[in-house]
Every structure is written in C-alpha cells, then in structure tokens.
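The values are calculated or read from the model by the stated rules, or taken from the named source; none is laboratory data. Quick caveat: nothing in here was measured; it's all calculated off a predicted structure. Every residue, glycine among them, receives a Cβ derived from its backbone with ideal geometry; neighbour counts consider all protein chains shown. The protein model used for the area step is the full one, side chains on, heavy atoms only, and it has no ligands, DNA or RNA in it. Shrake-Rupley method; radii C 1.70, N 1.55, O 1.52, S 1.80 Å.
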Amino acid sequence: MATFDLAVVGGGIVGLATAYQFTRRFPGRRVVVLEKESDVARHQTGHNSGVLHSGIYYKPGSLKAVTCRAGKAAMEAFCREEGIAHEICGKVIVAVTDADLPALERIHERGVANGVDCEMIDRGRLGELEPHAAGVRAIHVREAGIVNYRQVCERLAHRVWEAGGEVVFGAKVTAVRTYPGELAAVTPVGHFAARQLVNCAGLHSDRVARIAGHDPGAKIVPFRGEYYALKPESFHLCRNLIYPTPDPQFPFLGVHFTRMIDGTVECGPNAVLAFGREAYRFFSLDPRDLLDTLSYRGFVRMARRHWRMGLGEMWRSLSKAAFVRALQRLVPPIRAEHLEPAPAGIRAQAVAPDGSLVDDFLLVEGERVVNVCNAPSPAATASLRIGETIVGRLAPRFA
C-alpha cells in the first residue's frame, strides 16, 4: 500500500489546485491525486465556459467573493508565468428592460463593494462595446476575462508531478478506512494511505464525504447546462461576453454569450435537471442517480418552489425556437440558422434538506478529512485561492 502525506480525491481544477498549493507550502511532502477518469478535467472543469470571473455578483465578505477576487489574481499570475493563453476582454451585464434596473443597481453596488473594476453605462456606450446587444443600461466589467481551464489543469498536474507528487487515473474511491495515525482510500487500482485526505470529487463530493464518515449537510443535485455555438460567419454578433441581469430568485445566471479563448462563441446555458450526475445528453439516464435525486426531500421542496422556472428551462431544452427566443432578448439579430449544437456541461449543485440551494462554497471538516461539498461557479476562477485556503486549514495538522 502506497503511503502519502496527503491524498486528494478528484482531478478537476479544485483538486489539482489543492495538490499544487500543498507542494508549494510543504516541499518534500508526498501528495497523490486520485482521479476516477483516464485524464484530468473530464467533468465540470472540462465543460467550463472558461470565464475569469470578477466577483461582481457575490455578497461582500462571503467566501465566494473573497476567494474569487484573490483567486482571479492568482489565476492570471499563474497563466502569465506558465504561458497559458488568457485575455482580459471585459463583459457587459445588461438590463434588457427597465424592470431589470433595480437588480442591475444591486449588482453594481456589490461589485463596487468587492473592489471590482466596473461601471454603469448607458445604451450608447453599450452599443459601442456590443453593437448587437439589446438593453437600456448595462454594467461594463472591464476586468472579466477568458481562459482554457483544461490547459490550466494539465499544467497544474505537471507541476504536481515535478514536485514529486502523483496523479493516479482509474482511481475511483469506493471506501475510506481509518487506521491509527492515517487513513486509506480504497480504489480499483490499489489502496492509498495518507495522513490527511481532501475530497474534491465535485459531482460525487457528497457521496465521498459520506463514505469518509461525514455528513455534508446537503446533497448534490445535477443540473445540465445545454449550449449552442455561433457558426463562424456569425461570430461578429458577440465581441466578448454578454450576460443578462440574473433573476435574484434563481441561482443560475441565465442564457448568455461567451467568446472563448479559441475565438468561438458559446450561447447558453439553460439549466435542466440531469437524469444522472454524468448524464450529458437529454435522454441519458442513470437510474441510481435519478432515484437518489427524486427521493431526496430537499429536491422535492426545491421543485415545489421553482417548478415554473424548471418547466421553462425544460421547454428550452426541447425547443430550439424557445432557446433562440431567450437569446434574442440579449442579441435580437440571432436566428436559429446562426447556431449549431455545442457540448453540454453539468453543474453539481448542493441542495439543503429544506430545499434551499447552497449558494456559497461549503467546506466540511473532520479530524483527517476536508470535504469540498459545494464549489459552484466561480470555483474555477477561484481554484488557486480555494486550494490555498484548504492547505491553510491543513497546515496545523502537519506542524
């Protein structure tokens, strides 16, 4: 049985960032990343739209706000040092009608409180930045950017290897056994003993927490985000990033336009219940996952609260015309013929037993385990800071 100082479950960006930060703080200590797939960034990170978020949406002082601001600066520095392509292109958050203005004002106030480089702009300035966008006013977030997070993960894994760590593939953790002074993660490719374990399993983080002996206090409910992409001849319809004013009653940002670092433009996502934690297609089904969701009282309470919104999202999933109409609120010239299907992603949303959606990052700690039980957007942007925070909490255990 191989022995390490730290075992990290999950080869997405949060897990790799945690392992990387551990090697920096504790050089010479041994770390292993256990990834069930055959490569890094195969799920949430690899389906990420690649936005470097500014932190404008988040409640001042929240873990999200603090880690996003510090994490974005760290991510930009890492990309510069590693030669990873990224761009600070800016984005606009648009009030399509006057009814959106109060919410837009609140977002601007949060941005100012969080130290975000942003300004409220009128229709004329919006037209200069995004000539095809509709709106009565907007926030110009000058510091928003884009990057390829899969490339970031590949570089983080390389740095972990260089520091003497390991990244093991095909290593799905099926059990965690506790021994005096250490624990062992059981996987199909062997047992991995470690003094401490960090659970960054994303879509399966609640399950890993439970097999490690901890109650995460919430359950992961998977939401599939479906996208279209602009055809190359229509790229001119979106220069950078165009977002709507989000509905404060719903945790998702609404369909938006995102120019990717490779120059392509994604449109979406919607947010529909996925019938499995890795069900990337509408008709994909994992019976165990679906039963787990439907039998959870937190999901039932959430569904009762948001069923109208859910039906609308489902209809946009089934009807391209409905999806196009949602996009046209932001960019009226968009037509169905401008769009082609793009890969979907799945968001691991933690839902509390009372039906509320856990909004902030959620860390659940035990004597030998730190569980990252909720890490929604902007987790990719904030990943280096999240990793640093986790390692900081572990530090006294390695003193």
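Close amide-amide hydrogen proximity is noted between Val33 and Val8, Glu166, Val167, Val168, each under 5 Å apart and 5 or more residues distant or on a separate chain (H modeled in the peptide plane; Pro and chain starts excluded). For the pair Arg288 and Met260 in one chain, pulling the backbone fully straight at 0.36 nm per residue adds 6.6 nm over the alpha carbon distance.
222 nm [θ] for the chain, helices only, -39500 (n - 2.57) per DSSP H run of 4+, per residue, to 500? Let's see the in-between values first.
On the way: 10 runs with 129 residues, N = 399.
Estimated from H runs of four or more residues: -10000 deg cm²/dmol.
Along its three principal directions, the equivalent ellipsoid of region 281-351 from the Cα gyration tensor extends over semi-axes of 29, 15, 10 Å, largest first.
What distance in nm lies between label points placed 7 Å from Cα along the C-beta direction at Arg25 and Tyr280? About 3.3 nm, to one decimal.
By the compact-protein rule of thumb, 2.2 N^0.38 Å, the alpha-carbon radius of gyration of region 1-154 corresponds to a ratio of 1.27.
Quick check on packing: order 219-226, 24-31 by the mean number of other C-beta atoms within 10 Å, highest mean leading.
Going by the mean number of other Cβ atoms within 10 Å, highest first, we get 219-226, 24-31.
Under a 5 Å amide H cut-off, with hydrogens placed 1.01 Å from N, Cys89 pairs with Gly145, Ile146 among residues at least 5 apart or on other chains. For the chain, the number of Lys pairs with C-alpha atoms closer than 24 Å, counting only pairs eight or more positions apart or on separate chains, is 12. Principal-axis analysis of the Cα atoms of the chain puts helix 13-25 at an angle of about 50° to the longest axis. As a ratio to 2.2 N^0.38 Å, the alpha-carbon radius of gyration computed for region 26-73 takes the value 1.58.
Tell me the angle of helix 101-113 to the major Cα principal axis of the chain, expressed in degrees between 0 and 90 and rounded to the nearest ten. Tilt relative to the chain: about 40 degrees.
Close amide-amide hydrogen proximity is noted between Val221 and Gln349, Ala350, Val351, each under 5 Å apart and 5 or more residues distant or on a separate chain (H modeled in the peptide plane; Pro and chain starts excluded). Count Lys and Arg as plus one, Asp and Glu as minus one, and take only other residues whose Cβ is under 13 Å from that of Pro216; the net charge is then 0.
Counting Lys and Arg as +1 and Asp and Glu as -1 over every other residue whose Cβ lies under 13 Å from the Cβ of Lys64, the net charge comes to +3.
Scaling against 2.2 N^0.38 Å puts the C-alpha radius of gyration of the chain at 0.98. Result for the chain in a Gaussian network model with C-alpha springs under 10 Å: among Met314, Met260, Met75, the largest mean-square fluctuation is at Met314.
Quick check: Cα centre of region 173-244 to Cα centre of region 105-143, how many Å? Answer, in whole Å: 33.
The GluC sites (Glu not before Pro) found in region 90-138 include none that occupy coil by DSSP while having at most 12 further C-beta atoms within 10 Å. Relative to the longest principal axis of the Cα atoms of the chain, the long axis of helix 63-82 lies at roughly 80 degrees. Averaged per residue, the chain has 41 square angstrom of accessible surface, using a 1.4 angstrom probe with ligands and nucleic acids left out. Within the shell of other residues whose beta carbon sits under 10 angstrom from the beta carbon of Arg29, the net charge comes to +2, with Lys and Arg scored +1 and Asp and Glu -1. 3J(HN,Hα) along region 40-47: 7, 6, 8, 10, 4, 5, x, 10 Hz, from the Karplus curve 6.51 cos²θ - 1.76 cosθ + 1.60 with θ = phi - 60°, whole Hz, x for Gly and Pro.
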